[in-house]
Amino acid sequence: MQVFTQKRNPITGDTEWDVQHEDYDYHQEIARSAFADMLHDTERNKKYYRALQLAIEKMHNEGKKANVLDIGTGTGLLSIMAARCGADTITACEAFKPMAECCIKILERNGVADKITVIPKRSTDLTVGDDGDMKQKANILVTEVFDTELIGEGALSTFSHAHKYLLEEDCIVVPDSAIIYAQIIECPTLQKWNKLNDLVDSDLKLILRTPQKMKDCAGSAAVHDIQLSQLPRQAFKELSEQIPVFYYDWSGRSSIDMKRTVKQQFTVTNTGKAQMVFMWWELNMDPEGKICLSCAPWWAHMDADLSSEKPQDTIPWRDHWMQAVYYLPQELLVEKDSELSLISCQDEYSLWFYVESERLRHKHYKRPICECGVHMALSRTHVSYLNDGRRSKKFLEHLENELSKDSVVLDVNGSSVLGLAASRLGAKMVYILEDMNLNIGILNDYIKENDIQNVQIISEPTDEILENVTNVICDPNFSSAILPWENLKVAYLLYKFGSKLKDSVVVMPQSCEFWAMPVEFQDLHKIRIPLGICEGIDMSIFDNLVESSRTISDSEIEAQPLWEYPCKCRGLPRKLFSIDLKNLKATFACDGDNPIVDTEIEGSNPVNGFAIWAVWVVDGKSISSGPLEWPMVGDQVTWDPHTRQAVKILKKSRIVGESDKWSYQVACDLEKGQFNLHIDWVDNE
């Protein structure tokens, strides 16, 4: 049986009905359970294992039974570890019933089903007593309920409830405690992800002034989770030491605060602009603090080899716990050796920060709220894209050359400011196609700030407008687009309006190309590849469940910001297809086979994925949303940080030679706004 589900088509903007498997939501949730590298995180697994072993030994040495409670057991990995360490009783709770059922099968496969009781409930619903889920309270708790913010998955309430109702007073908790660290930073690179800059041309002439309300906006308190270790070291300046701001005692020896504000004095270590806070945390796995699991970036990590050529590669990689960036509500110029205050705020699920000096005092320390619309309408990646001067200068140069006092411009992407720039560069009239209220609000604020008179925002162009248009322009990065080809919305709109436009109309960009290449991801593949045997535990049942659900619920190609995920080029980039935006057809399809390289490959050449990106052509100049430099086989790829690339992760790595080929199939329907791409190996047999 199949059912209809609603989804928004990012190319047409329309809400459509899609036929899906009747258990689509169920399978999607199962598939999402493997959307992290958590169980591939060897350091995490081993440190949990060792801490459990010590806890169980301690109980036995004191003449007590080791009664373990595992909250949010998932696959049952930690419970199986407890069983192998000799726990006397083990209760594992898992609220997601399909995962609880999977867990029971995994326990049976690994011969420990008789030692572990699985309860398909939330821990807050567990009962204790003769007729309860647990006969007695546990004296060992093991759980992993953390995210990049540490507390974002409800860790505070989980631990508080467990100590009140489910655990003995003298229990041991794995992990025992946690510390959150913060560091005050100046980083113009990341500030591009937060605040829109003035738009200037290649001569640094001001084209558009960013509205003052956007410059003054406190921004969004939402965490920016990021692989900070991939940020170039020269891109930021540390303005403080690493400051421990919050300590969490999971052991129950002290109470857990659901809400608090901590004010700490610190000495500024460098003169600069305090723009943001970098945050990470550490878990103390045992009461003695001998086993520490750190999520610090490489320059602050205890295990980093600072003498290495790439110290970021010498620390454990993980994607389920990254580092966090919190943008300060107000930038502050600070001087070396001055004394400032860091105000760290926490509620039950999140964090935010303020910095104060003698001259700057805040009226309150409330969670920042966006009042300019930018942080609500646009993703951080899209904000950074609009701030990418390298790209915008190429578009502006074209406009300066093409526009005249008689130009009538249609800008088909209202989530950029290109149409507003055209009005400032001499166009007679500019029509901007946009129907999203938040984007319209941003455009109107720019219009007011820059005293623009010749711009009209429209939801649909009339025939009269189209007949008078001399230039159609588009910054081909729509705020609604996730995958690269979703920016083919420009082609969809040009095809839709094409018959009403003059033959002489000038279109920018002129064309686009889509490219792909085989790559070897250093770590990213871990978010998708099967577990197999994990710490000596057979997880194949979980692998089969996730893979079958992914087949039903997920596309084989996803979007990733590849600048955060190092990879090597393992085959020459190949052009899949190109589109002339002045000569569009309703439908097209193409396919082909590509050799990995054109010459003999030296040494091992492992491939575990493919990367796909778009290249837009303006005045014969290529603007890549993929590699910033032409990739050479065997070299690490430098990716555009202001867009996301498309990625296909293979289930297993493959060593390829010059005889190996990969194939692709593309189908596009501009009338319906549909696009499909498939990439796979060519079977040599």
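The values are calculated or read from the model by the stated rules, or taken from the named source; none is laboratory data. Because the structure is a prediction, the values reported are computed rather than measured. Positions of Cβ are generated from backbone atoms using ideal geometry, with glycine treated the same way; all protein chains shown enter the neighbour counts. The area values use the complete protein model at the heavy-atom level, side chains included, leaving out ligands, DNA and RNA. Shrake-Rupley method; radii C 1.70, N 1.55, O 1.52, S 1.80 Å.
Only residues in the range 88-113 that are touching a residue at least 60 places away in the same chain (Cβ under 8 Å) and in a helix (DSSP H, G or I) count as the first member; pair them with residues that are of a type in the set (A, V, I, L, M) and open to solvent by less than 10 Å² (accessible area, probe 1.4 Å), Cβ under 6 angstrom, at least 6 apart or cross-chain, and list the lot.
PRO98/ILE30
Failed condition for ALA100, given (1) hydrophobic (A, V, I, L, M, F, W, C); (2) open to solvent by 40 Å² or more (accessible area, probe 1.4 Å); (3) within 21 Å of ASP538 (Cα to Cα), with all others met?
(2)
Of the residues ASP683, ASP660, which is over 28 Å from the mean Cα position of the chain (by Cα), modelled with pLDDT under 95, surrounded by 14 or more Cβ atoms within 10 Å (Cβ to Cβ) and not aliphatic (A, V, I, L, M)? Step through it out loud before you land on a result.
On the way: ASP683 fails: surrounded by 14 or more Cβ atoms within 10 Å (Cβ to Cβ).
When all the criteria are applied, what remains is ASP660.
Restricting to the range 40-59, name every residue that is under 22 Å from ALA304 (Cβ atoms) and among the basic types (Lys, Arg).
Selection gives ARG44, LYS46, LYS47, ARG50.
Restricting attention to the range 589-605, report how many residues are surrounded by fewer than 16 Cβ atoms within 10 Å (Cβ to Cβ) and modelled with pLDDT under 90. Step through it out loud before you land on a result.
Pass one, the range 589-605, residues surrounded by fewer than 16 Cβ atoms within 10 Å (Cβ to Cβ): 589-593, 598-600, 602-604.
Then keep just the ones that are modelled with pLDDT under 90; that gives 598-600, 602-604.
The number of residues fulfilling the criteria is 6.
Residue check: is SER415 at pLDDT 95 or above and either outside any loop (DSSP other than H, G, I, E, B) or of a type in the set (Val, Ile, Thr) (or both)? Don't jump to the end; show me each part of the working.
Numbers: at pLDDT 95 or above: yes; either outside any loop (DSSP other than H, G, I, E, B) or of a type in the set (Val, Ile, Thr) (or both): no.
No; evaluated as a whole, the condition is false for this residue.
May I ask you to list the residues in the range 460-496 that are in a helix (DSSP H, G or I), open to solvent by 10 Å² or more (accessible area, probe 1.4 Å) and among the hydrophobic types (A, V, I, L, M, F, W, C)?
Across the range 460-496, the qualifying residues are ILE465, TRP485, LEU493, LEU494.
Kindly provide the set of residues from the range 445-470 that are in contact (Cβ under 8 Å) with a residue 60 or more places away in the chain and either under 15 Å from GLY426 (Cα atoms) or not polar (S, T, N, Q) (or both), ordered by number. Lay out the reasoning, then the answer.
Start the filter on the range 445-470 by keeping residues that are in contact (Cβ under 8 Å) with a residue 60 or more places away in the chain, which leaves 445-446, 448-450, 468-470.
Result: ASP445, TYR446, LYS448, GLU449, ASN450, VAL469, THR470.
Checking the conditions here, which among HIS364, HIS375 is in a loop (DSSP other than H, G, I, E, B) and either modelled with pLDDT under 95 or open to solvent by 20 Å² or more (accessible area, probe 1.4 Å) (or both)?
On the way: HIS375 fails: in a loop (DSSP other than H, G, I, E, B).
Going through HIS364, HIS375 in turn, the sole match is HIS364.
Could you check, for the range 419-438, whether at least one of its residues is part of a loop (DSSP other than H, G, I, E, B) and among the polar types (S, T, N, Q)?
no
Could you check how many residues of the range 497-517 are touching a residue at least 60 places away in the same chain (Cβ under 8 Å), open to solvent by 20 Å² or more (accessible area, probe 1.4 Å) and not polar (S, T, N, Q)?
Matching residues across the range 497-517 total 4.
Tell me, yes or no, whether the range 329-340 has at least one residue that is of a type outside the set (D, E, K, R) and either more than 30 Å from HIS364 (Cβ to Cβ) or in contact with a Cys (Cβ under 7 Å, 6 or more places away or on another chain) (or both).
Step one: filter the range 329-340 for residues of a type outside the set (D, E, K, R), giving 329-330, 332-334, 338, 340.
From the residues that got through so far, the ones that are either more than 30 Å from HIS364 (Cβ to Cβ) or in contact with a Cys (Cβ under 7 Å, 6 or more places away or on another chain) (or both) too are none.
No, the range 329-340 contains no residue that is of a type outside the set (D, E, K, R) and either more than 30 Å from HIS364 (Cβ to Cβ) or in contact with a Cys (Cβ under 7 Å, 6 or more places away or on another chain) (or both).
I need the full set of residues from the range 560-588 which are open to solvent by 20 Å² or more (accessible area, probe 1.4 Å), assigned to a strand (DSSP E or B) and either at pLDDT below 95 or farther than 20 Å from TRP681 by Cα (or both), in order please.
Within the range 560-588, GLN560, SER578, ASP580, THR587, PHE588 meet the criteria.
List the number of the failed condition for ALA182; all other conditions in (1) farther than 23 Å from GLN346 by Cα; (2) crowded, with 22+ Cβ neighbours inside 10 Å hold.
Here ALA182 meets the rest and fails (1).
For LYS393, work out the one condition from (1) in contact with an Asp or Glu (Cβ under 7 Å, 6 or more places away or on another chain); (2) crowded, with 22+ Cβ neighbours inside 10 Å; (3) not in a loop (DSSP other than H, G, I, E, B) it doesn't fulfil.
The one condition LYS393 does not meet is (2).
When residues of the range 266-319 are filtered for being open to solvent by less than 40 Å² (accessible area, probe 1.4 Å), at pLDDT 95 or above and either in contact with a Gly (Cβ under 8 Å, 6 or more places away or on another chain) or charged (D, E, K, R) (or both), how many remain?
2
Please specify each residue of the range 612-657 satisfying the condition of being aliphatic (A, V, I, L, M), part of a strand (DSSP E or B) and surrounded by fewer than 16 Cβ atoms within 10 Å (Cβ to Cβ).
From the range 612-657, those aliphatic (A, V, I, L, M) are 612, 614-615, 617-618, 623, 628, 632-633, 637, 646-647, 649-650, 655-656; that's our starting set.
Those still in the list that are part of a strand (DSSP E or B) too: 612, 614-615, 617-618, 623, 646-647, 649-650, 655.
Selection gives ILE655 alone.
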